[in-house]
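A short write-up of the structure that comes next.
The values are calculated or read from the model by the stated rules, or taken from the named source; none is laboratory data. These numbers come from a predicted model, not from an experiment. Backbone-built Cβ (ideal geometry, glycine too); neighbour counts: all protein chains shown.
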Amino acid sequence: MKVGLVGFPRAGKTTLYNALTGLSAAVGGFDGKREAAMAVVKVPDPRVDALSEIVHPKEKKYAEITFLDFPPSQERKAALEAQSLAQMREVDALAQVVMAFPDPLANEPPAPLRDLDGFQAELILADLAVIEKRMERIRKETGKDHKRESDLLARCQQTLEDERPLRGLGFPPEEENLLSGFAFLSRKPLLVVYNTDETALPEPLPSEVADYARAESLTVVPVCGKLEMEIAQLEDGERAEFLSDLGLSETARDRFIRHAYGHLRLISFFTAGPTEVRAWTIARDTAAVHAAGKIHSDIERGFIRAEVISYDDYVEHRGEAGCRSAGKLRLEGKDYVVRDGDVMHIRFNV
């Protein structure tokens, strides 16, 4: 999964990037570079460790998230950098970092609601530009039937002109296929990272921000980016002690990942054997045959059945053999809806 960190200049994107990745990228600007910084982070999951203690694999592999820190716009009051739009359309979700702390270099107090509104407006304008360009091309093409596509784009265009993002619309599968190539930014899942100072962290969100998030179905993750960046640089033992002193049970990385999985409706299933124990990330309500495709397209194509054990049963009975003896191993077909924590072995033939 790829998550793009975006926001207005000086909102603290790179500070958050360092907090999430444990890196030490220079904050305060991109030194003229217009490419996103990128880092891969393993998703902490104690279930991978517990399964590994049972099967003793050669390797254990956690799910991964790629974070991209997009450069700020060269315009002080804009969030999207035109040169980054193509790369931005490739991410699975956007995380807007919103400034909610006083900036000593600014002549005005932070305005989170203004920034939320402004960022959404930029997403809408970027998508409108894509639609207008495509509609112009359709009008110039002759001999091709683009009615279904043009009708769909006209509906999207009307929604955007009404100042509403496309993520609020539902589309049947055939329309989803038509839209997928456009990678509209306002369709992408959006999380809000509310970057505040340490003293305000325990306080509830301002009512106008909470109301906005509720109306737009957004998940808000409050953090103190500067503090979390310092925590991320500590050794494990020091980090746990520091978090405890602050009354926190999780780092910003762990909180962000937990909220992201919930907002994006993601779950993990596992494969476990002598070669490796591995976590696989899929969308909730994914059928077994499509979950198999996450492992390899050949496995999806030649899917026969899935041997499924719940995580709790696998741990309780100490592995596959114990679960077979206890009658806890189930045979499921391609339409079985995979549950969070399922340990699966896929039978296939190609």
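Anything in segment 195-229 that is part of a loop (DSSP other than H, G, I, E, B), farther than 18 Å from Asn18 by Cβ and out of contact with any Leu (no Cβ under 7 Å at 6 or more places or on another chain)? List them, or say none. Break it down into steps so the answer makes sense when it comes.
To start, the set of residues in segment 195-229 that are part of a loop (DSSP other than H, G, I, E, B) comprises 196-197, 201-206, 216-218, 224.
Then keep just the ones that are farther than 18 Å from Asn18 by Cβ; that gives 202-206, 216-218.
Passing the criteria: Pro202, Glu203, Pro204, Leu205, Pro206, Glu216, Ser217.
Cβ separations smaller than 6 Å between residues 6+ apart or across chains give the following pairs from segment 26-46 residues that are over 15 Å from Arg253 (Cβ atoms) to residues that are hydroxyl-bearing (Ser, Thr, Tyr) and at pLDDT 80 or above: Val27/Thr14; Val27/Thr15.
Could you name every one of the helices (runs of 4 or more DSSP H) located completely within segment 230-336 that has at least 2 residues being within 27 Å of Thr219 (Cβ to Cβ) and assigned by TED's automatic domain parsing to the domain that holds Arg214? Steps first, answer last, please.
On the way: elements: 236-246, 252-263, 288-295, 297-301, 311-316, 320-325.
So the answer is 236-246, 252-263.
Does Arg278 qualify as being surrounded by 19 or more Cβ atoms within 10 Å (Cβ to Cβ) and at pLDDT 95 or above?
Numbers: surrounded by 19 or more Cβ atoms within 10 Å (Cβ to Cβ): yes; at pLDDT 95 or above: yes.
So Arg278 passes the test.
Taking (1) assigned to a loop (DSSP other than H, G, I, E, B); (2) of a type in the set (A, V, I, L, M); (3) crowded, with 17+ Cβ neighbours inside 10 Å in turn, Leu105 satisfies each apart from (3). Residue count for segment 175-184, restricted to those that are out of contact with any helix residue (DSSP H, G or I) (no Cβ under 8 Å at 6 or more places or on another chain) and touching a residue at least 12 places away in the same chain (Cβ under 8 Å): 1.
Only one of these is part of a helix (DSSP H, G or I), within 28 Å of the chain's Cα centre (by Cα) and crowded, with 18+ Cβ neighbours inside 10 Å: Leu123, Leu113. Name it.
Details: Leu113 fails: crowded, with 18+ Cβ neighbours inside 10 Å.
Answer to the selection: Leu123.
Scoring Thr199 on the criteria (1) of a type in the set (Val, Ile, Thr); (2) closer than 30 Å to Tyr336 by Cα; (3) assigned by TED's automatic domain parsing to the domain that holds Phe101 leaves a single failure, condition (2).
To keep it simple, each residue is scored yes or no on (1) assigned by TED's automatic domain parsing to the domain that holds Ser217; (2) not acidic (Asp, Glu).
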{"residue": "Leu85", "(1), (2)": "yes, yes"}
{"residue": "Glu90", "(1), (2)": "yes, no"}
{"residue": "Leu94", "(1), (2)": "yes, yes"}
{"residue": "Ala100", "(1), (2)": "yes, yes"}
{"residue": "Asp103", "(1), (2)": "yes, no"}
{"residue": "Arg114", "(1), (2)": "no, yes"}
{"residue": "Leu123", "(1), (2)": "no, yes"}
{"residue": "Asp127", "(1), (2)": "no, no"}
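Taken together, the residues in segment 136-153 that are touching a residue at least 12 places away in the same chain (Cβ under 8 Å) and surrounded by 12 or more Cβ atoms within 10 Å (Cβ to Cβ) amount to 5. Residue pairs whose Cβ atoms lie under 8 Å apart, separated by 6 or more positions or on different chains, with the first residue in segment 282-302 and touching a residue at least 12 places away in the same chain (Cβ under 8 Å) and the second buried (at least 19 other Cβ atoms within 10 Å of the Cβ) and charged (D, E, K, R), are Val289/Glu300; Ala292/Glu300.
I need the helices (runs of 4 or more DSSP H) fully contained in segment 1-96, keeping only those with at least 1 residues that are at pLDDT below 95. Walk me through it before giving the result.
Values: elements: 13-21, 46-55, 85-88.
Qualifying helices (runs of 4 or more DSSP H): 13-21, 85-88.
Within the group Leu248, Leu205, which residue is surrounded by 16 or more Cβ atoms within 10 Å (Cβ to Cβ), aliphatic (A, V, I, L, M), more than 20 Å from Arg89 (Cα to Cα) and at pLDDT below 90? Residue meeting the stated conditions: Leu248.
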